[in-house]
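Right, one structure below, let's go through it.
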Amino acid sequence: MLDNLLTETEFAEARGVHVRTIQRERARREGPPFIKLGRRIFYRREAIEAWLLAQEQAQPRAAGGAR
C-alpha cells in the first residue's frame, strides 16, 4: 500500500513544478487529496489521476463557427 504513495517532492517533480507550488495549492485546497503521516505529506497515485481528470476542460468552440 505504501508503494502506491508519492512524496510531496516526487509529486512536484512529476508535475515539473517547485515543491512550494504544491504546498501553496494544498494550502488553498486546490490540489489533489493528500495523506499526512507525522510531518510528511504523501499523495496516492489514484487521487492524483482523479484530480487530473477533474482538471480536464473541453476545447471551446471557435468564434463564428462554420455556416
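Report, ordered by the first and then the second residue, all pairs with beta carbons closer than 6 Å, sequence separation of six or more or different chains, a first member in the range 1-17 that is closer than 14 Å to residue 31 by Cβ and assigned to a helix (DSSP H, G or I), and a second member that is of a type outside the set (A, V, I, L, M, F, W, C) and at pLDDT 95 or above. Filtered contacts from the range 1-17: 11/43.
Name the residue, out of 58, 54, that is more than 11 Å from the chain's Cα centre (by Cα) and without any contact (Cβ under 8 Å) to a residue 60 or more places away in the chain.
Working: 54 fails: more than 11 Å from the chain's Cα centre (by Cα).
After ruling out the rest, the residue left standing is 58.
The values are calculated or read from the model by the stated rules, or taken from the named source; none is laboratory data. The shown structure was predicted, so the numbers you read here are calculated from the model rather than taken from an experiment. Cβ coordinates were reconstructed from backbone atoms using ideal geometry, including for glycine residues, and neighbour counts include every protein chain displayed.
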